[in-house]
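Q: Okay, handing you the structure first.
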Amino acid sequence: MTTPLLYCLLLLCTSICQTLFLAQYYHVMYRVGIHIRATLVCALYKKGLQLSAKSRNAYTTGEIVNMAALDSNRCGPSITPNLHLLWSGPFQIMVAVIMLYRLIGMASLAGFVLMVTILPLNVY
């Protein structure tokens, strides 16, 4: 078997494995997020039942339903799939900059500085 063909097959295998692992990861993390959301909704419901009449008048029914539905969804399934990016994002950038520095030298640092400069524009 020739070396380029071997590299192509290895590239195909790694892409397939990456797809399978990421699908499994997102499935598990969405399930964790749904469990977090269910726990928060349950806690808000129990707290709503324990409120006194005076405290219950401070919040309308719509506000309580809004907290239970929308706010708990922000803390659950929408955060958990991307939670690992807090550590893996900077790690991937660091590894890429180190590899580029070893390959092309100081020019890689100019690209890194440009990326960090433009980063605040990507927030919006």
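The values are calculated or read from the model by the stated rules, or taken from the named source; none is laboratory data. None of these values were measured; they are calculated from a predicted model. Backbone-built Cβ (ideal geometry, glycine too); neighbour counts: all protein chains shown. Only protein heavy atoms, including side chains, enter the accessible area calculation; ligands, DNA and RNA are left aside. Shrake-Rupley method; radii C 1.70, N 1.55, O 1.52, S 1.80 Å.
Q: Each residue of region 40-55 in turn: what ³J(HN,Hα) in whole Hz from Karplus with 6.51, -1.76, 1.60 and θ = phi - 60°, glycine and Pro shown as x?
A: Couplings: 5, 5, 5, 5, 5, 5, 5, 5, x, 6, 8, 5, 6, 4, 5, 5 Hz.
Q: Round to the nearest 10 and report in Å² the accessible area of Thr80, as given by a 1.4 Å probe over the protein chains' heavy atoms.
A: 10
Q: Would you calculate a helix-derived [θ] at 222 nm for the chain, using -39,500 (n - 2.57) for each DSSP H run of n ≥ 4 and dividing by the full residue count, to the nearest 500?
A: Value at 222 nm, helices only, nearest 500: -26500 deg cm²/dmol.
Q: Moving on to the next point. For the charge dipole of the chain, defined by +1 on Lys and Arg C-beta atoms and -1 on Asp and Glu C-beta atoms about the Cα centroid, which residue among His84, Ile118, Leu12 has the Cα displaced farthest towards the positive pole?
A: With unit charges placed on the Cβ atoms, the residue in question is His84.
Q: Using the charge dipole of the chain (Lys, Arg: +1 at Cβ; Asp, Glu: -1 at Cβ; taken about the Cα centre), state which of His35, Tyr25, Leu109 has its Cα farthest towards the positive end.
A: The residue sitting farthest along the positive end of the dipole is His35.
Q: Step through the residues of region 77-87 one at a time and calculate ³J(HN,Hα) from phi using the Karplus curve (6.51 cos²θ - 1.76 cosθ + 1.60, θ = phi - 60°), rounding each to whole Hz and writing x for Gly and Pro.
A: Karplus-based 3J(HN,Hα) across region 77-87 equals x, 7, 9, 4, x, 9, 5, 6, 5, 4, 9 Hz.
Q: Computed over the Cα atoms of region 65-124, what is the convex hull's projected area averaged over all directions, in nm²?
A: The number I arrive at for region 65-124 is 5.3 nm².
Q: Using amide H atoms built 1.01 Å from N in the peptide plane, name the residues 5+ places from Tyr59, or on other chains, whose amide H lies under 5 Å from its own.
A: HN-HN under 5 Å from Tyr59: empty list.
Q: Can I ask one more? Over what distance in Å are the Cα centres of region 40-94 and region 1-35 separated?
A: Going from one Cα centre to the other spans 32 Å.
Q: In whole angstrom, and with the biggest value first, how far do the Cα coordinates of region 1-74 range along each principal axis?
A: Its Cα atoms span 79, 16, 9 Å along the three principal axes.
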